[in-house]
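The values are calculated or read from the model by the stated rules, or taken from the named source; none is laboratory data. It should be emphasised that the depicted structure is a prediction, and the values quoted were computed from it without experimental measurement. Please note: Cβ atoms are built from the backbone with ideal geometry, for glycine as well, and neighbour counts cover all protein chains shown. Side chains are part of the model used for accessible areas, which takes the heavy atoms of the whole protein and leaves out ligands, DNA and RNA. Shrake-Rupley method; radii C 1.70, N 1.55, O 1.52, S 1.80 Å.
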Amino acid sequence: MHLSIPRVPRVRQAALQDNPVVGHKRVLLAAPRGYCAGVDRAVVAVEKALERYGAPVYVRKQIVHNIHVVTELESKGAVFVEEVDEVPEGAHVVFSAHGVSPAVVNAASDRGLQAIDATCPLVTKVHREAVRFAKNDFEILLIGHAGHEEVEGTAGEAPEHVTIVNSPDEADTVEVRDPSKVVWLSQTTLSVDETMETVNRLRARFPDLQNPPSDDICYATQNRQVAIKKIASESDLVIVVGSSNSSNSVRLVEVALEYGAKAAYRVDYADEVKQEWLDGVATVGVTSGASVPEVLVKEVLQALDGAGYGDVQEVRTAEEDLMFSLPKELRQDASGQRDARALGGRTADGGPAR
Ligand code: SF4
């Protein structure tokens, strides 16, 4: 069965009214925000596959967790499916940025599918860690949300060795075989603070708990959380642009509230911003998740401008210039030449790579 994707018009008109408030109305715009290197690469991979092989190109699961991106790619000929057994034999299938387990890779191969692996390299890194620790007979406590595609993919690398820890509370009850051989890994898009709380509670029970060799929570997730922390306490309202199934977007709402925002909401589109959210609000913080094209943020800013919030100040806490090369299956064009975009994607606002 193909994924059921709610149909939403690409651009919807928001009609917020100017409202009287005490104080100067302004927007604090968090930076970095929006597209990360892994999302950019995955979206370009689908576009490239469509360009090269023609429609339809099948994609297992949403390529990235953003409804606008998925709808746009669908309109160009991408067909999103839940599992590879829905893809016609021999067809091209793209694996999403969240990664897949070896079982999915094998199922695609058994079906004769031509797979293009758009797994983010930073997710692949966690897969490799899982494989290595499992080989050394460690028990892996994987901090993450059960049922999330990324967690399923990582756990699938070593199912006999992985136990998922969903929350800090679960750290108090999880059981391990041998407390002297246990390591924690994590999903890439979690709250940094909550993850450290989980780790601290695990370590209180298992003092020999090993750390991952490097941060599993990726640079983009961390940077977006740092940026929203910086503006949250000054914001009467924080608006996070991102989809409901986007883990890092949902975390940004939570982090904003934890760090002092009086209110925080997530929206997919500008017309979801409610007039009553602006009652008495002088400062609006705005950010977006790692799978969100900048055009959607611009629409929110336009809507806020119409309500009198035309003073937009960007608050930048980090620079980002990371780019990943395209999946290897797409790095050469049909004549064997290295593709001009092989090493690049696009900038956060969808423009050409620098
Ligand atoms: S959020 Fe992080 S792990 Fe996920 S695609 Fe982006 S860079 Fe990769």
Checklist line | Answer from Glu234, Glu170, Glu160, Glu175 - the residue that is of a type in the set (Asp, Glu) and in a helix (DSSP H, G or I) | finding: Glu170
Margin query: Condition first: among the acidic types (Asp, Glu) and either within 17 Å of His127 (Cβ to Cβ) or in a helix (DSSP H, G or I) (or both). Now tell me which residues in the range 51-106 satisfy that.
Written below: Glu51, Glu72, Glu74, Asp85, Glu86
Checklist line | Members of the range 107-143 that are charged (D, E, K, R) and in a helix (DSSP H, G or I) | finding: Asp110, Lys125, Arg128, Glu129, Arg132, Lys135
Item checked: Filter pass, Ser325 being within 16 Å of the ligand (Cβ to nearest atom), open to solvent by 20 Å² or more (accessible area, probe 1.4 Å) and polar (S, T, N, Q) -> yes
Notebook entry, point to check: Can you pull out the residues in the range 237-251 that are more than 13 Å from Ser288 (Cβ to Cβ) and in a helix (DSSP H, G or I)?
Noted result: Ser247
Notebook entry, point to check: Only one of (1) over 16 Å from Ala318 (Cα atoms); (2) open to solvent by less than 60 Å² (accessible area, probe 1.4 Å); (3) touching a residue at least 40 places away in the same chain (Cβ under 8 Å) is not met by Pro213, so which one is it?
Noted result: (2)
Item checked: Matching option when the condition is crowded, with 24+ Cβ neighbours inside 10 Å and within 26 Å of Arg33 (Cα to Cα), among Ser244, Ser233, Ser249 -> Ser249
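Rundown of residues vs (1) buried (at least 23 other Cβ atoms within 10 Å of the Cβ); (2) more than 16 Å from the ligand (Cβ to nearest atom); (3) closer than 22 Å to Glu129 by Cα; (4) not hydrophobic (A, V, I, L, M, F, W, C), yes/no style:
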residue: Gln187; (1), (2), (3), (4): yes, no, yes, yes
residue: Ala204; (1), (2), (3), (4): no, yes, no, no
residue: Asn223; (1), (2), (3), (4): no, no, no, yes
residue: Val238; (1), (2), (3), (4): yes, yes, no, no
